[in-house]
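Reading through the structure tokens given below for one structure.
The values are calculated or read from the model by the stated rules, or taken from the named source; none is laboratory data. The structure presented is a predicted model; accordingly, all values stated were derived computationally and were not measured. Ideal geometry is used to build each Cβ from the backbone, glycine not excepted, and the neighbour counts take in all protein chains shown.
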Amino acid sequence: MLKGIHHIAIICSDYEVSKKFYTEILGLKVIRETYRKERQSYKLDLSLNGRYVIELFSFPSPPPRPSKPEAVGLRHLAFEVDNLDEVIQHLNRYNIEVEPVRVDELTQKKFTFIADPDNLPIEFYQK
């Protein structure tokens, strides 16, 4: 029945800041950028390795996302990486705060978290 995850939708508070974060820092590629005048909203379609993965939306005055303590709903977005240390070095160049590296007790794989410009938790999980 299900074939896979089609995309993840994210609503941001500052479109230009989030667009820069997801494209210039994380390296996602722009597929299409649409301004929807009737909704006063941008919709940015982003791909990772040629696959459509994220819709980034802007809306006027969206409410803040509860993050800590964690709220019911989507917990975080996780990206698989080949080398966690390289990712951390890259993020440090942009002065992005990276949580201490942890080891998954079930898989023994390393992972860490950052926050996007709207405090959405993002995980990087070493392959």
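Which residues, taken from the range 20-34, are part of a strand (DSSP E or B) and surrounded by 12 or more Cβ atoms within 10 Å (Cβ to Cβ)?
Passing the criteria: Lys29, Val30, Ile31, Glu33.
Can you pull out every residue in the range 14-64 that is in contact with a strand residue (DSSP E or B) (Cβ under 8 Å, 6 or more places away or on another chain) and basic (Lys, Arg)?
Lys19, Lys29, Arg32, Arg36, Lys43
Scan Val98, Val72 and give me the residue that is farther than 21 Å from Phe124 by Cα and part of a loop (DSSP other than H, G, I, E, B).
After applying the criteria, what remains is Val72.
Which pairs do you get when a residue that is free of Cβ contacts under 8 Å to residues at least 40 places away in the same chain, found in the range 45-72, comes within reach of a residue that is among the hydrophobic types (A, V, I, L, M, F, W, C) and outside any strand (DSSP E or B), reach meaning Cβ atoms under 6 angstrom, with the pair 6+ apart or on two chains?
Close Cβ pairs satisfying both conditions: Leu46/Leu28; Leu48/Leu28.
Being over 15 Å from Ile25 (Cα atoms), crowded, with 17+ Cβ neighbours inside 10 Å, at pLDDT 95 or above and β-branched (Val, Ile, Thr): is that true of Thr107 here?
Criteria not met by Thr107.
Suppose we filter the range 1-19 for residues that are within 11 Å of Asp116 (Cα to Cα) and either assigned by TED's automatic domain parsing to the domain that holds Ala78 or in a helix (DSSP H, G or I) (or both); how many remain?
Looking only at that region, the number is 3.
Can you spot a residue in the range 66-82 that is touching a Phe, Trp or Tyr at 6+ places or on another chain (Cβ under 6 Å) and assigned by TED's automatic domain parsing to the domain that holds Lys20?
Pass one, the range 66-82, residues touching a Phe, Trp or Tyr at 6+ places or on another chain (Cβ under 6 Å): 78-81.
Keeping just the survivors that are assigned by TED's automatic domain parsing to the domain that holds Lys20 gives none.
Scanning the range 66-82 turns up no residue that is touching a Phe, Trp or Tyr at 6+ places or on another chain (Cβ under 6 Å) and assigned by TED's automatic domain parsing to the domain that holds Lys20.
Restricting to the range 69-127, name every residue that is of a type in the set (Phe, Trp, Tyr) and more than 12 Å from the chain's Cα centre (by Cα).
Matches in the range 69-127: Tyr94, Phe111, Tyr125.
Could you check, for the range 63-73, whether at least one of its residues is closer than 16 Å to Cys12 by Cα, at pLDDT below 95 and either surrounded by 14 or more Cβ atoms within 10 Å (Cβ to Cβ) or in contact with a Leu (Cβ under 9 Å, 6 or more places away or on another chain) (or both)? Give the steps one after another, and end with the answer.
If we filter the range 63-73 for residues that are closer than 16 Å to Cys12 by Cα, which is where we start, we get 63-67.
Retained after the next criterion (residues that are at pLDDT below 95): 63-67.
Filter once more, so that each one left must be either surrounded by 14 or more Cβ atoms within 10 Å (Cβ to Cβ) or in contact with a Leu (Cβ under 9 Å, 6 or more places away or on another chain) (or both): 65, 67.
Checked the range 63-73: at least one residue is closer than 16 Å to Cys12 by Cα, at pLDDT below 95 and either surrounded by 14 or more Cβ atoms within 10 Å (Cβ to Cβ) or in contact with a Leu (Cβ under 9 Å, 6 or more places away or on another chain) (or both).
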